[in-house]
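I have placed the structure first, in the form of structure tokens, so that the comments after it can refer back to it.
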Number of protein chains: 4
Amino acid sequence: MPRPGVEELRRRQLVDATISTIGENGLGGTSLAEVARRAGLSVGLVSHYFDGKNGLLEATLRTILARLGAEARRRFERADTPRQRIRAIVDANLSYEQLDPELGAVWLAFWAEALHSDRLRRIQKVNQRRLYSNLLYAVRELVAPGEAERVAETVACLIDGVWLRSTLSGQPGTNRQSRAMVHEAVDAILDATIREGSKP
Amino acid sequence: MPRPGVEELRRRQLVDATISTIGENGLGGTSLAEVARRAGLSVGLVSHYFDGKNGLLEATLRTILARLGAEARRRFERADTPRQRIRAIVDANLSYEQLDPELGAVWLAFWAEALHSDRLRRIQKVNQRRLYSNLLYAVRELVAPGEAERVAETVACLIDGVWLRSTLSGQPGTNRQSRAMVHEAVDAILDATIREGSKP
Amino acid sequence: MPRPGVEELRRRQLVDATISTIGENGLGGTSLAEVARRAGLSVGLVSHYFDGKNGLLEATLRTILARLGAEARRRFERADTPRQRIRAIVDANLSYEQLDPELGAVWLAFWAEALHSDRLRRIQKVNQRRLYSNLLYAVRELVAPGEAERVAETVACLIDGVWLRSTLSGQPGTNRQSRAMVHEAVDAILDATIREGSKP
Amino acid sequence: MPRPGVEELRRRQLVDATISTIGENGLGGTSLAEVARRAGLSVGLVSHYFDGKNGLLEATLRTILARLGAEARRRFERADTPRQRIRAIVDANLSYEQLDPELGAVWLAFWAEALHSDRLRRIQKVNQRRLYSNLLYAVRELVAPGEAERVAETVACLIDGVWLRSTLSGQPGTNRQSRAMVHEAVDAILDATIREGSKP
DNA sequence: TATGAATGAGGATTCATTCAT
DNA sequence: AATGAATGAATCCTCATTCAT
């Protein structure tokens, strides 16, 4: 008679240990032995719960995607105006948690790996598409149709670029500054697009 | 009686094979045996010329950095106006070669790895700093001091973001579109900054 | 309040699942997890009822030996003449069930394993000795003393050889032909022995 | 500049160690570590020369098949009459070497395994077919066409049966007796067939 | 300068066994 | 009586590195 919830607990322990290990040592430096050690569990449990390393990595990717998605949804729903909605997306993607160096290293590792793994790539695509379509939804409320796609893509690039450079620099804590920079650039782009689009 | 230049040839053969292997299989899927096979040489030569795998990887990173640097310098020197200089930097970083999926995979692999390797990180820093300082130099000719840093950083982020999303999407060939998008956004940001800065 | 007979039921379930697994995947491909899965029971039960894998294997071997023994006894008792008794033994050992490819694979697996396991070897010996002594009993009714041993051994070899080649060929359904072949050979051997033995 | 012949030497060392290990411990008790230890080489060499355990096992099976084949051919060519040719085949398959308990255990292990491995089964088939067709060739010189197939198959079964029971008994050294038994039975079967076939 | 044979450590995976419930 | 979670030893395989030639 297994205690209910123990499976969920073990899975989370292992996924968290995986995030921590990848964040610190990279994917290449992540062995099941090390993950198990950090989780305080035995190596055998990984196969038991995730059917091998690939399963563990996929579950880990799914987890960080879900966390980011939940954060984005929370902020998005609190926003009242189109500009606030765009800001909400920016802020969710550049939140304190997302700019944490350890988590950044995990994302980067998965992005690099996804280029060579169908399974991971498929999971990743969800993220990129969701970011883009949420942005597009908000941008469409502000600019002329036909312009929205490009603007949304530009903002998405800006977000990813800021995130990437921040992660590579290894210096956390400049989140507020980062977000302000993006907000300003977004305003400039939106204003330029609206002004141009409204020309008679 | 060694032919002169044979060392240089061997090094380039091995580095090119490394780029090709990482591009196709990722860093985790890159073994010295595979690199040697692609180069048509023996595994022993890697240690002979690069003193091990790390040396080979460092040399490979240095090589792709140098190639990007040379391209950027070439375009930069051909530009006549500040805006052209900014465009030159954008175009060099988003050139056909840089948006090639294989090369993109290599960059991504090195970025992910650099977070956990002092040697690679030090080499990488050169790139980020050079991109930023070149941009800063050009931007300073256009906007008020005190604004330039933020604008240069924004443009750098935009470039990296476009590059990242393009690499992750795996779809090459949209280079021209990508560059146009960045140029437009840069113009919007510059205009907004200049207008604001010129307010009395 | 355990139902009476549940132990016997469980044991048979597990043994039958073991036969099925070995027959399909061989001894090397047989894990307790797979056996339990096929039996629709939990892995823990194996240790509970058989005290580990070895115990399960021994019980399985004992079971198939017992089944063959019962079949042989049934046929033997129905036979009226010495020649019929010999035929009965042949037919029991080359019955439809014994030439079933799956069961053949199980026998073969156990024979190979028995060479390296005292416990299994001891169990196996029972079979060989029983086959031989039954044959000897029947043969003695026909040939001169001193000849019987060799004849009985020859027939035993013939039976095992036919069984082995049939099992290795993987083609079932030629049982009748196989038995006819043996009967004919046995007759030839018996006739030759009797004729020779009866020479003045 | 590799010494010529070193590859052949290493392969033989590993195959011989494999035969020795399987003979002593069975297939299930044969690990690459143990094989390497007996060969006085490192585990890595197995993959280097045989591309993994399966390759090693296949090479081992091929080796013992080739040895038996060579022995059979040697004896076969020395025989002058049809009966001698049949005896030659019997004697080769029941030679001192073939009835060696260790080698017997190896054969048995491979036969059991071949039922679950396409690769091994394909290699095995060569042996069974060769034994049968050689026998058929010799038998055809003696008995009426239409009878030869059954007689050849019977003799093949007799050989395999004697070999099997000898191997299972674990008692070597009764080779001469075994061979005599088969010769006698074969003569009885041939005589009976010829006599019957020559009936007007 | 170049080869590739040889090594052995490290990693993923499988599995029999144990045990708390 | 029965479960299946948990363990950790054992095994196969990969691979960077070394070295004799």
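The values are calculated or read from the model by the stated rules, or taken from the named source; none is laboratory data. Source: prediction; values computed, not measured. Neighbour counts run over all protein chains shown; Cβ positions are idealised from the backbone, glycine included.
I'd like the full set of residues that are polar (S, T, N, Q) and crowded, with 16+ Cβ neighbours inside 10 Å, limited to the range D:129-160.
D:N134, D:T154
Filter the range D:135-177 down to the residues that are more than 9 Å from chain C (Cβ to nearest Cβ) and charged (D, E, K, R) and list them by number.
Residues satisfying the conditions are D:R140, D:E141, D:E147, D:E149, D:R176.
Among the residues of the range D:86-107, is there at least one that is surrounded by 18 or more Cβ atoms within 10 Å (Cβ to Cβ), touching a residue at least 12 places away in the same chain (Cβ under 8 Å) and within 16 Å of DNA strand F (Cβ to nearest atom)?
Checking the range D:86-107: at least one residue is surrounded by 18 or more Cβ atoms within 10 Å (Cβ to Cβ), touching a residue at least 12 places away in the same chain (Cβ under 8 Å) and within 16 Å of DNA strand F (Cβ to nearest atom).
Within the range B:119-141, can you find the residues that are within 21 Å of B:R73 (Cβ to Cβ) and either in contact with a Phe, Trp or Tyr (Cβ under 6 Å, 6 or more places away or on another chain) or aliphatic (A, V, I, L, M) (or both)?
B:I123, B:V126, B:L131, B:L135, B:L136, B:A138, B:V139
Only one of these is more than 24 Å from C:L94 (Cβ to Cβ), among the hydrophobic types (A, V, I, L, M, F, W, C) and at the interface with another protein chain (Cβ under 8 Å from one of its Cβ atoms): D:A105, D:A188, D:A180, D:A112. Name it.
Only one candidate passes the filter, namely D:A105.
If you take just the helices (runs of 4 or more DSSP H) that sit entirely in the range C:43-122, which of them hold at least 1 residues that are under 12 Å from the mean Cα position of the chain (by Cα) and not small (G, A, S)?
So the answer is C:53-78, C:82-93, C:101-114.
Among the candidates B:S169, B:S178, which residue alone is at pLDDT below 95 and under 11 Å from A:C157 (Cα atoms)? Step through it out loud before you land on a result.
Values: B:S169 fails: under 11 Å from A:C157 (Cα atoms).
Residue meeting the stated conditions: B:S178.
Run down A:E71, A:E24 and say which single residue is over 30 Å from A:A138 (Cα atoms) and not basic (K, R).
Of the residues listed, the single one that is over 30 Å from A:A138 (Cα atoms) and not basic (K, R) is A:E24.
Can you tell me which of A:R130, A:R150 is under 17 Å from the mean Cα position of the chain (by Cα), in a helix (DSSP H, G or I) and at pLDDT below 95?
A:R130
Can you tell me which residues in the range A:39-85 are within 16 Å of DNA strand F (Cβ to nearest atom), within 18 Å of A:R119 (Cβ to Cβ) and surrounded by fewer than 17 Cβ atoms within 10 Å (Cβ to Cβ)?
So the first thing to find is which residues in the range A:39-85 are within 16 Å of DNA strand F (Cβ to nearest atom), and the list is A:39-56, A:59.
Filter once more, so that each one left must be within 18 Å of A:R119 (Cβ to Cβ): A:46-47, A:49-56, A:59.
Result: A:S47, A:D51, A:G52, A:K53, A:N54, A:G55.
Report yes if D:S178 is under 15 Å from the mean Cα position of the chain (by Cα), outside any loop (DSSP other than H, G, I, E, B) and crowded, with 19+ Cβ neighbours inside 10 Å, otherwise no.
Criteria not met by D:S178.
Hey, can you tell me all the residues within the range B:1-42 that are more than 23 Å from the chain's Cα centre (by Cα) and among the small types (G, A, S)?
Passing the criteria: B:G5, B:S31, B:A33, B:A36, B:A39, B:G40, B:S42.
Within the range C:101-134, count every residue that is out of contact with any Asp or Glu (no Cβ under 8 Å at 6 or more places or on another chain) and within 16 Å of C:R85 (Cα to Cα).
4
Could you run through the range D:161-170 and say how many residues are touching a helix residue (DSSP H, G or I) at 6+ places or on another chain (Cβ under 7 Å) and surrounded by fewer than 18 Cβ atoms within 10 Å (Cβ to Cβ)?
Count: 1.
Of all residues being within 13 Å of DNA strand F (Cβ to nearest atom) and among the hydrophobic types (A, V, I, L, M, F, W, C) in the range A:8-23, which is nearest to the other protein chains (Cβ to nearest Cβ)? Just the residue, please.
Checking each candidate, the answer is A:A17.
Among the residues of the range D:24-38, is there at least one that is near DNA strand F (Cβ under 7 Å from one of its atoms) and assigned to a helix (DSSP H, G or I)?
Among the residues of the range D:24-38, at least one is near DNA strand F (Cβ under 7 Å from one of its atoms) and assigned to a helix (DSSP H, G or I), which makes the answer yes.
In this structure, is C:V126 surrounded by fewer than 20 Cβ atoms within 10 Å (Cβ to Cβ), out of contact with any Lys or Arg (no Cβ under 7 Å at 6 or more places or on another chain), in contact (Cβ under 8 Å) with a residue 12 or more places away in the chain and under 27 Å from D:Q177 (Cα atoms)?
The answer is yes for C:V126.
Any idea which of (1) farther than 26 Å from B:Q13 by Cβ; (2) modelled with pLDDT under 95 is the one B:A72 doesn't satisfy?
(1)
Six or more apart or on different chains, Cβ under 6 Å: which pairs go from a residue in the range B:32-46 that's without any contact (Cβ under 8 Å) to a residue 60 or more places away in the chain and within 14 Å of another protein chain (Cβ to nearest Cβ) to one that's near DNA strand F (Cβ under 9 Å from one of its atoms) and small (G, A, S)? Could you list them?
Sorted first by the residue in the range B:32-46, then by its partner, the pairs are B:S42/B:A36; B:V43/B:A33; B:V43/B:A36.
For A:G28, are the conditions met, namely being more than 11 Å from DNA strand E (Cβ to nearest atom), farther than 18 Å from A:R11 by Cα, surrounded by 15 or more Cβ atoms within 10 Å (Cβ to Cβ) and among the small types (G, A, S)?
Criteria not met by A:G28.
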